[in-house]
Each structure stands twice: as structure tokens, then as C-alpha cells.
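Notes follow the structure.
The values are calculated or read from the model by the stated rules, or taken from the named source; none is laboratory data. A quick note: this is a predicted structure, and the numbers were derived from the prediction, not measured. Methodologically, a virtual Cβ is constructed for each residue, glycine included, from the backbone with ideal geometry; neighbour enumeration extends over all protein chains shown. When the accessible area is computed, the model is the full protein with side chains, heavy atoms only, and any ligands, DNA or RNA have been set aside. Shrake-Rupley method; radii C 1.70, N 1.55, O 1.52, S 1.80 Å.
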Amino acid sequence: MILKQNGSRGFRAYTSKHLDELLQRAGLDDEERLRIRAVATVLPFRTNAYVVDELIDWSDIPDDPIYRLVFPQADMLPEADVSRIAGLLRDEAAKSEITAVAHDVRMKLNPHPAGQLQLNVPRVGQEPIQGLQHKYPETVLFFPKQGQTCHAYCTYCFRWAQFVGEPDLKMASDDIERLVEYVRAHPEVTSVLLTGGDPMIMGEPVLRRYVEPLLEVEQLESIRIGTKSLGYWPQRYITDPDADDTLRLFSRVVESGKNLAFMAHFSHPREIEPPAVQEAVRRIIDTGAVIRTQAPLIRSINDDPAIWTNMWRRHLTMGMVPYYMFVERDTGPQDYFAVPLARAYEIFRDAYAGVSGLCRTVRGPSMSATPGKVCVDGVTEIAGQKVFVLHLIQARDPELVGRPFFARYDPHATWLTDLTPAFAD
């Protein structure tokens with residue numbers, strides 16, 4: 001276990017410049033490593049020594065789920081694109097040429113799905129408010145500038161565009177006063193979600209600078225923090241130099257009368273096995289915060305109902321609340337990771353059947369699509385037609401929330417836009 005020493009964090013990050021060395025540890029040959037490096041010019045790579053040394057089973061490469069969770073795979077992108085970039089790397093082409101080709105490939109990967117930059121960004125007059133999204137009436141998302149990286153990047157991440165060094169694709173702001181002003185001007189907003197990236201990459205003094213002003217906004221009922229830190233660096237809450245101060249900040253939020261919802265991402269049961277994770281969870285819960293768990297369903301990593309049953313039951317015994325199973329979003333390497341909606345529903349149903357009622361707080365499989373969060377409730381036959389039964393858990397238009405609707409059954413559909421309405425044109 002990596003612990004702090006002499007007051008230091010003990011955290012060591014690995015980036016793309018370390019990728020070839022790490023892949024040699026996996027026993028991959030020169031050509032395999034080259035093609036993976038080609039993928040990493042398009043999609044971001046970052047991990048750390050805790051993930052590499054504590055979570056990955058290096059005797060099970062390339063099938064180990066945590067390895068696949070954080071390391072690019074050569075077939076994640078179209079073969080022609082990978083071969084083109086690999087050729088440039090092999091020929092030691094100019095960095096500017098490689099960067100230009102990588103950009104062209106990124107633009108084909110739908111870097112901002114569900115209208116993130118068009119439909120969600122509020123404006124004052126004609127001026128967009130940077131680093132802010134207002135997708136649902138009661139919920140505002142804020143992207144703190146110093147929180148737009150992570151302890152490690154997930155290969156499936158739908159926010160990959162935040163990390164590739166292209167300013168036009170990035171959402172971020174350090175203007176907390178603008179956020180507070182916007183929320184106060186919109187009394188329907190009752191919840192602020194700090195997201196990223198990962199806000200918990202920030203040290204306590206910076207995090208406090210974003211959180212404290214929100215405590216003075218009377219209408220706010222909850223502050224949410226979206227984070228993968230429990231899975232990728234639990235020491236953040238135990239042995240980091242500011243761990244105790246961070247927990248005191250959490251307590252202050254709760255003592256102010258607001259709900260602190262810690263939105264923890266766990267993609268696989270192995271991420272919760274280390275004792276450090278269990279200790280970190282205990283310390284966070286002791287502050288009065290509620291930890292809710294969520295993750296997408298990802299092919300080759302967690303597309304097995306037994307994995308989800310195991311995770312949800314473990315989350316419950318640790319005091320966390322199972323919250324969402326998401327469908328892999330229509331961005332990045334979706335084709336590589338996506339599970340057909342019909343299979344996603346079967347996995348959710350079978351996993352759900354294996355847990356007690358206390359775990360059945362979880363919802364899914366849910367698509368965070370342009371209209372809102374669309375849940376696949378089942379497959380049935382109506383008037384001789386096989387259909388998906390769906391409803392909106394959350395919606396841009398509140399009038400649509402909770403109303404069932406139907407789509408023609410398609411065994412190959414992986415996203416809402418693959419479906420067509422049933423019983424109508």
C-alpha cells in the first residue's frame with residue numbers, strides 16, 4: 001500500500017511518456033506497444049502507482065479488468081486510424097503532424113455528446129457562462145478549473161475531451177462568484193454538482209474555496225461531488241496531508257443543513273477490495289455525507305450480472321447507496337465498449353434479482369441522452385409487436401418525467417438514437 005511519508009502524499013502519476021515502459025511490464029511486443037501508443041495520442045492516458053501496483057493483476061494481461069479500465073487497447077479505435085498514427089510514430093514524424101492527425105480522429109468521436117456545449121450552457125445575454133451546465137431545472141453542474149484532471153483516466157470516460165489538451169473542447173471555470181450569482185438568480189436550482197475531471201484531485205484549500213460560498217446559498221438543498229478518487233486514490237481521505245481538513249470540510253457542509261452527496265464511481269468489485277478503500281468510505285460516512293455509487297456498463301470490464309450483484313451488495317455492507325447503472329455514452333470509443341440495450345437490460349435485471357430490497361435503490365440501465373436520463377424498463381410484446389419499454393428518470397422538460405414510452409425492439413441498438421418509435425412514424 002502506498003502511504004504518505006514525511007508529510008508527502010506518496011502519489012506518483014504515470015502519463016503517456018511512461019506508457020511504453022508500463023506496457024513492457026505487460027509483456028507486449030514492439031508492434032503491440034506502438035499501436036497502443038497510437039491510440040494514446042487520440043485518447044488520454046493517465047494512471048498512478050496505486051492502480052498499477054495494487055489493483056492490476058499483471059499475470060492476466062490483457063484480460064485483467066482494471067488493466068482494460070485504465071490502459072488504452074490497440075483496437076479501441078478504427079484500424080485505419082490506428083495504423084496511420086502508428087506509421088507516423090514509427091517514422092518519427094513531426095509532433096505537429098501527429099497532433100493534427102490525432103485531432104482529426106477525435107473530431108469523429110463525438111467529443112461532447114447530449115448537446116453539452118449547445119443545449120446545457122447557460123447564457124447572460126449572448127455570452128455563455130464558462131464552466132457551467134444547466135441541463136435540468138433543479139440541477140446545475142460546475143467544472144472547477146483546478147479539478148479538471150483525475151488520479152487516473154478511465155478508457156471509457158465520456159468526459160475524455162476534458163483531458164486531451166484542446167482548449168475548445170474543455171469546460172472549466174474558477175469563477176465561483178459567477179456560479180453563486182447564477183444559482184441565486186434561478187430559485188428553481190436546489191442542487192449543485194461539482195464535476196470534472198475529478199474535484200477531489202484538488203487540495204482542501206482549493207476545494208474549500210469552491211464549497212464555502214455555496215453554503216451561504218439558502219435555496220440549495222444539496223451539494224454533490226462526482227469522483228472516482230475512492231477507487232483510484234483512497235489515500236486522499238486517510239493519509240494525504242490534508243485528509244483530515246477535507247473531512248472537516250465535509251462535516252461543515254452537513255452541519256450547514258445541506259445534504260452532501262458523494263457520487264462515487266466504482267466500475268469493478270476489485271476497486272473496493274483494498275482495506276484503504278473501506279477505511280476511506282468509513283471516514284467519509286462519519287462526516288454525515290451520503291456516498292452514492294454509480295458506473296457505466298462496459299463490455300469486457302463489467303458486462304456480467306454477477307459483477308454488479310457483487311458490487312451492489314458490497315456497497316450496501318460498506319454503508320454506500322447503489323444509485324445508477326449507466327449505458328456507455330455515444331462518445332469516444334463507444335463502439336468498443338458498448339453493450340446492446342437488450343443485453344444491458346438483461347444484465348441489470350439479473351443483477352437486480354440477486355440483491356435485497358435495500359440494494360434496489362439502484363436505477364438503470366440509464367442513458368444520459370439529449371432529452372434526459374432514459375431508463376430501459378424492459379422488453380415486452382404489445383399488439384403483436386416486440387418493444388422496449390422506457391421512461392425518463394430525469395428530463396429537460398419536467399412534464400416528460402416518469403411517463404412510459406415505447407420503441408421498436410432492436411437487438412443491436414446501443415443508444416437512444418438507434419431506436420425508432422413503436423406504434424407511430
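For Arg178, Arg106, Arg329, Arg12, give the ranking by accessible area with the largest first, probe 1.4 Å.
Details: Arg178 65, Arg106 20, Arg329 40, Arg12 125 Å².
From most accessible down to least: Arg12, Arg178, Arg329, Arg106.
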> Just Ala306, Ala80, Ala351 to compare: in a GNM of the chain, with alpha carbon springs under 10 Å, which one fluctuates most?
Replying inline: Ala80
> With every protein chain kept in the model, how would you rank Thr47, Thr380 by accessible area, 1.4 Å probe, largest at the top?
Replying inline: Thr380, Thr47
> Expressed as a whole number of Å, what is the distance separating the alpha-carbon centroids of the stretch 389-416 and the stretch 273-321?
Replying inline: 27
> What does the accessible area of Asp104 come to, in Å² to the nearest 10, when a probe of 1.4 Å is used?
Replying inline: 80
>> Taking every alpha carbon pair in the stretch 1-111, what does the distance histogram look like in 10 angstrom bins from 0, in percent?
In response: 13, 42, 29, 13, 3
> Can you give me the relative contact order of the stretch 25-77 as a percent, contacts being Cα pairs under 8 Å and 6 or more apart?
Replying inline: 47
>> List the residues, sorted by chain then number, that are 5 or more residues from Gly203 or on another chain and whose placed amide H is less than 5 Å from its amide H.
In response: none
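Mind ranking 212-221, 337-346, 251-260 by how tightly packed they are, going by the mean number of other C-beta atoms within 10 angstrom, highest first?
Numbers: 212-221: 14.4, 337-346: 20.8, 251-260: 16.4.
Top to bottom by mean Cβ count within 10 Å: 337-346, 251-260, 212-221.
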> Which whole-number value in Å² is the accessible area per residue of the stretch 272-327, probe 1.4 Å?
Replying inline: 36
> At Glu279 and Arg90, where each label point lies 7 Å from the Cα along Cα→Cβ, what is the point-to-point distance in nanometres?
Replying inline: 4.9
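What part of the accessible area of the stretch 349-425, given as a whole %, is carbon or sulfur when the probe is 1.4 angstrom?
Working: 2160 of 4000 Å².
The C+S portion of the solvent-accessible surface of the stretch 349-425 is 54 percent.
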>> Just to confirm my numbers, what's the Cα centroid distance between the stretch 138-175 and the stretch 244-268 in Å?
In response: 20
> Which one of Ser191, Ser356, Ser267 has the biggest mean-square fluctuation once the chain is modelled by GNM with Cα springs under 10 Å?
Replying inline: Ser356
>> Is there a quick way to get the dipole size of the stretch 66-221? I mean about its Cα centre, with the Cβ of Lys and Arg at +1 and of Asp and Glu at -1; what is the value in debye to the nearest 20?
In response: 320
> Please report, for the Cα atoms of the stretch 114-288, the Rg to one decimal and the Dmax as a whole number; what are they, in angstrom?
Replying inline: 16.0, 51
